[in-house]
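Structure first, then comments.
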Amino acid sequence: MPPKRSAPQEISGRQKKRLRVTASRSISVQGVGTSSRPSKSNDSNGLPDSIDVEKFVESRSFEITAMQEAMKNLASTHRAWQELPRHLRRRAASHRVRRVPLRLRNKSRTEMDTLRRKILGRPLPKRGKARRELRSDIFARRQRDKKWLETHLWHSKRMHMENMWGYRLSVNPTEKSFRPSHRASVHGSILHDASYYGLVELKGAQIVLCRALELCCDPVGAGPSSKRFLSGVRGLETAVYEAQSYPFGYIGPISIIWRPMDTVSQASQATDVSPTSKPVGHRKRRPAKKGNRIQTVWIRCHPAIFSTVLLILKGAVSLTLDTFNNSPRHSQKSHSVEVIDLRESINVFEITGPKSSQVVHGALTPTNAITTANLKSFPPKNTKAHIAKEELPTISRPWECFPSSSLSQSDIWDKSARDVLEIPRFKKKELDARLLLVQRSVRSSSASLLPQSFPRTTQSDPNLHGWTLIVPKGWGMPFFTSLVYTGTRVGGQRERAHQAFEAGAAYFPRDFPTSAAYEEFAAARATVDEERWKRKPPAKRVNWENLSVLNPWTSAWRAALGLDTMPSTDVGADYGSNADMVPTQRDHLLPASDPAIRPWLLHGSHARVVIENIARLLSPAAGLFSEINALRRKRELTPLDESVTADSLLRAALVHVRVMLCGRGVPDDMAFIYALEDKEAQSWAKAHSKRKPTGYELGEEPADATELSKLVPSNSAVIGFVTSGNFSLSRGKGYAIGAISLVKFLETREQADRLRQGSDWLVKVRNRDEMICRAARVDYLE
């Protein structure tokens with residue numbers, strides 16, 4: 001009986017995949033019979049006497065072509081989306097063909113074959129259509145304890161996310177982008193979604209709103225009732241305090257934006273026409289005062305202080321209304337003010353950098369007519385600034401380019417307009433084809449552009465300027481994607497804080513001690529640092545006792561001011577400390593450990609003027625007391641309470657400073673700032689005056705400075721702490737922002753004048769985890 005014919009065996013999917021991988025990793029070889037034989041050789045090694053290059057290349061053409069194809073074939077090791085540049089790789093591109101560029105879609109489509117996915121992967125069976133949960137319900141359930149921004153899904157795929165201030169916010173990109181982000185902010189542009197900021201709307205009589213804001217705003221500089229801000233041309237950057245509590249009760253920075261009034265509303269509200277008929281010969285009633293106009297103002301603040309700011313504004317408005325209603329001058333007319341919470345009503349995008357205007361111009365097209373003619377399709381491109389030589393004489397002069405209130409007029413101020421635009425009536429594809437026509441105009445009904453910049457410190461510090469784009473709710477992603485496709489980088493909380501650090505500006509709440517928001521930030525940071533320290537074994541973690549650091553997790557500001565006694569530990573015996581160089585006594589203006597004294601922070605552009613005024617007086621305490629009362633009278637506030645004396649006011653004052661190291665080293669957060677005795681200050685100045693210009697910047701330290709860095713003062717010499725310290729990329733050296741006692745700052749100035757050191761106000765800085773002290777110069781932080 002003949003044997004049965006064996007049935008053909010089917011190859012499994014795994015075997016097919018193995019064959020394809022083997023084929024892709026092998027290089028084809030030409031057969032032996034097809035190759036041309038070399039000429040005969042007389043050598044024993046079999047080498048030919050001569051070679052015809054042309055024939056030899058033709059004979060080897062098959063192998064060369066096979067090798068080139070094998071080099072291009074990356075199917076065995078890389079998928080289509082892995083061949084893209086790092087900034088184009090997306091998680092969605094691994095399973096969506098349209099997320100991959102056109103040149104790789106065919107390859108990606110074969111990799112995403114349905115049959116192959118069924119063979120390789122075994123997904124769990126899906127729920128029935130009746131039991132399937134809606135995507136909106138899933139997202140709503142995930143937002144029970146926090147809120148998402150409209151751009152949350154975009155950020156969550158590309159950035160590290162954390163819960164902050166009741167929101168799920170992006171911290172930093174997943175790719176290595178610290179230095180590229182800095183270069184983008186200095187030479188290009190960087191985009192940040194700041195829609196999580198709180199927004200409060202006040203609507204009422206202009207005179208009432210101005211008085212209410214003056215009760216709780218910083219009295220230094222131009223106030224919210226200044227003409228330059230009332231017209232809506234500019235926005236006011238100021239600080240909010242507890243009502244009538246300046247300089248105590250600091251809450252945080254705020255931005256005030258007045259709604260510009262158009263010609264029609266000004267004409268209708270400027271005249272007060274009575275509905276009843278007037279007798280003959282009766283004098284016409286004069287137009288109403290400007291202060292009685294009904295106006296709207298927006299107040300933006302950090303989400304960490306939003307609830308506090310809202311309560312303070314309500315209290316200030318109530319106090320102002322009671323004062324006006326009880327005043328004979330205003331009792332004839334009843335005033336009312338609406339306080340509205342507008343959180344999540346608008347989206348705010350901050351575009352920072354020298355090319356921010358090019359990004360706005362490349363993504364947005366101002367237009368007055370609803371037409372798609374002469375408009376480019378999505379995606380937009382970043383425009384480049386090209387100025388022809390013949391156009392240079394026609395450039396407008398600076399004094400002719402003043403801002404106008406007409407540029408800030410927008411229907412986004414009206415709630416009815418925002419409600420209509422809350423749900424976009426167009427799909428993303430239609431908006432891309434129209435280039436977001438409705439939203440792109442500066443004067444349109446759905447967008448508003450406002451200038452924004454960081455505070456200026458000195459000419460050596462980089463100034464970062466940009467734009468703040470305000471769009472209504474529901475239009476965050478259409479605008480965001482258009483801005484992103486211009487090529488600008490997107491930054492998170494880390495990039496935003498680093499921009500302020502490089503610009504030499506204080507960042508809230510990290511750099512604002514004595515505020516409640518700073519205490520919350522410091523407590524959260526202390527918890528994270530302590531848990532990280534406890535996870536390390538004893539041999540691998542810092543020994544704080546050997547470093548004489550009593551509380552390594554928080555900064556003792558009251559002890560730095562001398563309000564609380566700080567136990568002094570003798571750590572100089574092992575590190576060569578000299579008793580003549582270490583200050584061990586503090587000024588005893590008041591008894592130590594006085595809980596009634598409230599520390600306060602002197603900061604802002606007025607700090608330099610106030611300190612310069614009181615530094616020339618014999619009694620700085622009396623001069624400071626007089627300066628503060630003068631600022632309070634400027635806002636029609638009563639003088640300071642009798643419980644606050646001049647000495648206590650001076651002793652409890654902190655001043656913002658910037659710390660620049662004289663040599664090597666990088667200061668860290670919460671580093672100690674020490675005062676210097678005259679002898680040590682002279683030694684430091686002498687050591688750094690002998691340094692060599694070449695080589696010193698590369699890391700060489702003078703011998704005298706090395707010996708001086710080993711002298712560690714006692715804890716009683718602490719006069720302040722570093723709030724933000726790091727290596728400054730723009731300065732190329734260690735840089736820090738901190739706060740020190742105003743009394744010690746005045747003594748440091750006087751010491752520099754006495755020793756003829758000029759503007760070199762020297763202090764010492766020591767990080768928490770080391771025993772090396774570095775000399776540094778301090779200056780005002782405006």
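When you check Ser626 against the structure, is it at pLDDT below 90 and outside the structural domain of Gly221 (by TED's automatic domain parsing), yes or no? Judged against the criteria, Ser626 is not a match. If only residues of the range 600-616 that are at pLDDT 90 or above and not in a helix (DSSP H, G or I) are counted, the one that is surrounded by the most Cβ atoms within 10 Å (Cβ to Cβ) is Leu601. Among residues of the range 86-111 being over 40 Å from the mean Cα position of the chain (by Cα) and not hydroxyl-bearing (Ser, Thr, Tyr), the one that is modelled with the lowest pLDDT is Glu111.
Would it be correct to say that Leu199 is touching a residue at least 12 places away in the same chain (Cβ under 8 Å), farther than 22 Å from Leu464 by Cβ and either crowded, with 19+ Cβ neighbours inside 10 Å or among the hydrophobic types (A, V, I, L, M, F, W, C) (or both)? Yes.
Of all the numbered requirements in (1) of a type in the set (A, V, I, L, M, F, W, C); (2) more than 17 Å from the chain's Cα centre (by Cα); (3) under 28 Å from Glu150 (Cβ atoms); (4) modelled with pLDDT under 90, Leu464 misses one, and that requirement is (2).
Within the range 773-782, being surrounded by fewer than 24 Cβ atoms within 10 Å (Cβ to Cβ), in a strand (DSSP E or B) and among the charged types (D, E, K, R) holds for Arg777, Asp779.
Where strands (runs of 3 or more DSSP E) fall entirely within the range 162-233, those with at least 2 residues that are farther than 30 Å from Lys355 by Cα are at 198-205.
Within the range 460-513, the set of residues being in contact with a strand residue (DSSP E or B) (Cβ under 6 Å, 6 or more places away or on another chain), of a type in the set (Val, Ile, Thr) and part of a loop (DSSP other than H, G, I, E, B) comprises Thr488 only.
Which one of these is surrounded by fewer than 20 Cβ atoms within 10 Å (Cβ to Cβ), in contact with a Ser or Thr (Cβ under 9 Å, 6 or more places away or on another chain) and farther than 26 Å from Arg635 by Cβ: Arg183, Arg179, Arg168? Break it down into steps so the answer makes sense when it comes.
Working: Arg183 fails: in contact with a Ser or Thr (Cβ under 9 Å, 6 or more places away or on another chain); Arg179 fails: in contact with a Ser or Thr (Cβ under 9 Å, 6 or more places away or on another chain).
None of the other options fit; the residue is Arg168.
The residue pairs whose first member lies in the range 465-487 and is buried (at least 22 other Cβ atoms within 10 Å of the Cβ), whose second member is assigned to a helix (DSSP H, G or I) and of a type in the set (Ser, Thr, Tyr), and whose beta carbons are closer than 8 Å, counting only pairs six or more residues apart or on different chains, are Gly466/Ser356. When each of Val317, Val348 is tested for being in contact with a Phe, Trp or Tyr (Cβ under 7 Å, 6 or more places away or on another chain), under 21 Å from Trp258 (Cβ atoms) and among the β-branched types (Val, Ile, Thr), the lone residue that passes is Val348.
As for the range 389-401, it holds at least one residue that is within 22 Å of Leu464 (Cα to Cα) and at pLDDT below 70. Among the residues of the range 488-503, just one is of a type in the set (Asp, Glu) and surrounded by fewer than 23 Cβ atoms within 10 Å (Cβ to Cβ), namely Glu502.
The residues of the range 744-772 that are buried (at least 24 other Cβ atoms within 10 Å of the Cβ) and hydrophobic (A, V, I, L, M, F, W, C), listed by number, are Phe745, Val763, Val765.
Restricting the range 302-360 to residues that are charged (D, E, K, R) and in a helix (DSSP H, G or I), the residue that is surrounded by the most Cβ atoms within 10 Å (Cβ to Cβ) is Lys314.
The values are calculated or read from the model by the stated rules, or taken from the named source; none is laboratory data. All values derive from a computational prediction rather than experimental measurement. Reconstructed Cβ throughout: ideal geometry from the backbone, glycine too, with neighbour counts over all protein chains shown.
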